[in-house]
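I have placed the structure first, in the form of structure tokens, so that the comments after it can refer back to it.
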Amino acid sequence: MKQELIKLIGFRIKYLILLVCIVACRQSNKEQNVSIQEVETVQDSIKTKTSIDDTNGIETYDDNFFTVSEDFSGEYQLLDGITYFSNSEENKYYKSAIIFKKLSDTDYGYYYVDKIKDVSPIGYHGVIRQLKGKFYNLGIKENDSHTNSLFIQSEVKLITKGNILGMISFGGNFKKFMWFKKMEPEDQHHISLQKTLALGKSDYQKFITEYQQAKNYENPVFSQSINLEEFPELTQQFFQKLQQFKDLNKESIKHEDFEAILSSLKTKTLPVIESTNFDDFIEAEDFKNLDYKALSLDKIYPYFNEEGYNFRAISAYKLDISNQFYTLVVTIKKGDHEMESQLINYDLNGRILDFKLVSYDEIAEGLSAIQSKITKDTVNRHHFFYEDEGFEEDYFQILENGNLGEIKAKNTVEIQNMPLVHHALHHLKLNLFNVKTNFLITKTHPNQPENRIVIIPEIEEEIEGFLALHTHILIINERLGTIKAKYFESSKTNQWISDAIRLDQIEIETTTYQLSDSVNAFGITAHYFGASKANPYYNKTLSLFVQSENKLKKVLKNFSVEQITGEWNDACDGKDVAVRRSLAMSEVTSQDFYDIIARQETATTTLFMNDLDECDEKETSNNQTVILKFNGLEYQMVN
């Protein structure tokens, strides 16, 4: 809540700066007014006009590009708008409306409203006059004789192309670029603007009364003009966007339709694993029927609504990426056998900024898929080809302006028995973004050659220097794909933790452990290393599992079969202690399971400086036997 309040205050401060600057510019022009007659006598040297349709490849633009229709009066709604401040900050406009009224052959009155997201709208009003192909704001000056006179204020660049209007205005510390579309008779201004528009209209009418009573001011001084050569890149972007909106023509979306869909969608919490597939859509109510026009999906899929393609937008959700644009993930069903999801960034008026594929599934051959992990600024993608042993990884950035960065290859991850792994993940409702793949292993069951053991190490927590993994073990029939048994253990008890002592490797033992005449166990080992040179550490633990119907039971828990510890002060002052245990089955039983004999060998190596000031070594060893007995639940050591 505190961060939102700070953000809101920041937006309001920028808006106040913008408003104060506009007022200051107008006030300063009372001291630097320009005669209307002087402007009218400027040398008439208008160049040949170039159509916006002929501007492809043009790198510089001049005043001759700014042409308007004979009468552009009417009501306009925002297509896009942005203000660039001198401190490199930007304001993207969320809503805006402007109303022009023709007052004479040269003069147009106007009132309009701007709104950025999460900030109250601000209104403006005035009169612009066209002189020799240029437009200027008119100000009203009170003379000594208590009469009012009109004078020229700052220049405004205007251009109309069909029902599209572009506008550039300047202040002391900002450049403002706006694009509008002329409204149809049935269109209405957005509800968030209507109150401010009504107030603006009232203030405008008062201003027009003063304007009609004022005379032209005749004291010639310098006027503030807009020099396009000072910002060629922004000017080029202005015309390119104008061309884009012109091409859209009447295909521009209805803001209300887009916002209606937007308000109906749920927001998912980041990070999001996007793995939408056909299994997510079983019942009829799983399928939505989203308005593809309102979402501008025909801009992504030009044949969306054409006969024979059978495209449908069947699901969507929102992501909270930025307050400068909207992010949606929209799922498209393409015919009967393909389905994919696009991450789409929309500007605040519902037009597409950029999009990229984030998931894919097909059931015609079932050989490929795409899944993604979406964070605040990055999308990591996995590309699967199920006949291959592994997957390809790439990623792209979500940029601050709403564009999506270039796709960059990461690497290829090799995983054996990929179809079987996917089958296990699907059963567990996991995907490889939830899994630490370097610990993911499969191996033929030592006691059941028709079945395969699959270990899925699910990430419970992963931050820099710390990793905690849940254990999933499945026994899967390799030919039929049936899951014969499974096991789960939390990271809180399985000891699959990696921190200062690093979990380095997990293995499936090939040894068969016969616990009774009818019960065999298989083993899983975990290897741990310590990074300290002063106190080296290594530990290998063994856990034994038996199958009981469709469940696995852990009957020996994390028993250390090899451990090395050390204490070292320098290269010739310290010792290592190595403990190794080998297991064998006893003929004695406890609770129907054989006791386990653990033969332990302890070797101690000590380095020291002898009387000759040379590094010397001493080794000692001892052997002992440890017995493990089954208590009905698990094996435990007995004295």
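The values are calculated or read from the model by the stated rules, or taken from the named source; none is laboratory data. Given the structure is predicted, the values throughout are model-derived calculations rather than measurements. Heads up, the Cβs are rebuilt from the backbone with ideal geometry, glycines too, and the neighbour counts pull from every protein chain shown. Each accessible area value is taken on the protein alone, full model and side chains, heavy atoms only, with ligands, DNA and RNA left out. Shrake-Rupley method; radii C 1.70, N 1.55, O 1.52, S 1.80 Å.
Tabulated values for the structure
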quantity: Scope the range 492-535; condition touching a residue at least 40 places away in the same chain (Cβ under 8 Å) and acidic (D, E); matching residues; calculated: E507, E509
quantity: Flag for I407 being open to solvent by less than 60 Å² (accessible area, probe 1.4 Å) and β-branched (V, I, T); calculated: no
quantity: Odd one out for A485 among (1) surrounded by fewer than 16 Cβ atoms within 10 Å (Cβ to Cβ); (2) over 23 Å from P271 (Cβ atoms); (3) modelled with pLDDT of 95 or more; (4) of a type in the set (G, A, S); calculated: (1)
quantity: Only listed residue being touching a strand residue (DSSP E or B) at 6+ places or on another chain (Cβ under 7 Å), open to solvent by 20 Å² or more (accessible area, probe 1.4 Å) and in a loop (DSSP other than H, G, I, E, B), chosen from S104, S69, S88; calculated: S69
quantity: Those residues of the range 195-212 which are open to solvent by 80 Å² or more (accessible area, probe 1.4 Å), of a type outside the set (K, R) and either farther than 12 Å from P121 by Cα or in contact with a Leu (Cβ under 8 Å, 6 or more places away or on another chain) (or both), in sequence order; calculated: Q205, E210, Q212
quantity: Pair list, Cβ < 6 Å and 6+ apart or interchain, from the range 595-620 residues that are within 30 Å of D517 (Cα to Cα) and in a strand (DSSP E or B) to residues that are polar (S, T, N, Q) and open to solvent by 100 Å² or more (accessible area, probe 1.4 Å); calculated: E601/N623
quantity: S516 being outside any strand (DSSP E or B), farther than 15 Å from I627 by Cα and not acidic (D, E); calculated: yes
quantity: Members of the range 439-459 found to be out of contact with any Pro (no Cβ under 9 Å at 6 or more places or on another chain) and either surrounded by fewer than 18 Cβ atoms within 10 Å (Cβ to Cβ) or closer than 17 Å to E393 by Cβ (or both), listed by number; calculated: K443, T444, P446, N447, Q448, P449, E450, I459
quantity: Unmet criterion (only one of (1) touching a strand residue (DSSP E or B) at 6+ places or on another chain (Cβ under 6 Å); (2) buried (at least 18 other Cβ atoms within 10 Å of the Cβ)) for L425; calculated: (1)
quantity: Verdict on Q416 being of a type in the set (S, T, N, Q), open to solvent by 10 Å² or more (accessible area, probe 1.4 Å) and either under 30 Å from K492 (Cβ atoms) or without any contact (Cβ under 8 Å) to a residue 12 or more places away in the chain (or both); calculated: yes
quantity: Pairs where the first residue, in the range 131-143, is small (G, A, S) and the second is in a strand (DSSP E or B), C-beta under 7 Å, 6+ apart; calculated: G139/F151; G139/Q153
quantity: Qualifying residue in the range 513-524 (condition: among the aromatic types (F, W, Y), out of contact with any Leu (no Cβ under 7 Å at 6 or more places or on another chain) and crowded, with 19+ Cβ neighbours inside 10 Å); calculated: yes
quantity: Any hit, the range 139-161, residues being under 30 Å from I352 (Cα atoms) and open to solvent by 30 Å² or more (accessible area, probe 1.4 Å); calculated: yes
quantity: Cβ pairs under 8 Å, 6+ apart, first in the range 388-407 and closer than 30 Å to P419 by Cβ, second at pLDDT 95 or above and among the β-branched types (V, I, T); calculated: Y395/T378; Y395/V379; F396/T378; F396/V379
quantity: Residue satisfying all of: in the range 547-560; part of a strand (DSSP E or B) and surrounded by fewer than 16 Cβ atoms within 10 Å (Cβ to Cβ); modelled with the lowest pLDDT among these; calculated: S548
quantity: Lone unmet requirement of (1) without any contact (Cβ under 8 Å) to a residue 60 or more places away in the chain; (2) within 12 Å of the chain's Cα centre (by Cα); (3) assigned to a loop (DSSP other than H, G, I, E, B) for D336; calculated: (2)
quantity: Pick from the range 358-373, criterion of a type in the set (A, V, I, L, M) and surrounded by 16 or more Cβ atoms within 10 Å (Cβ to Cβ), ranking: nearest to the chain's Cα centre (by Cα); calculated: V358
quantity: Members of the range 441-483 found to be touching a Leu at 6+ places or on another chain (Cβ under 8 Å) and basic (K, R), listed by number; calculated: R452
quantity: Subset of the range 561-584 (residues that are exposed (fewer than 15 other Cβ atoms within 10 Å of the Cβ) and part of a strand (DSSP E or B)); calculated: E567, N569, D570, D573, S582, A584
quantity: Pair list, Cβ under 6 Å, 6 or more apart: the range 244-273 residue at pLDDT 95 or above, other residue exposed (fewer than 15 other Cβ atoms within 10 Å of the Cβ) and acidic (D, E); calculated: T267/D320
quantity: S543 being open to solvent by 20 Å² or more (accessible area, probe 1.4 Å), within 30 Å of I476 (Cα to Cα) and assigned to a strand (DSSP E or B); calculated: no
quantity: Yes/no for T442 being farther than 19 Å from I273 by Cα, touching an Asp or Glu at 6+ places or on another chain (Cβ under 7 Å) and part of a strand (DSSP E or B); calculated: no
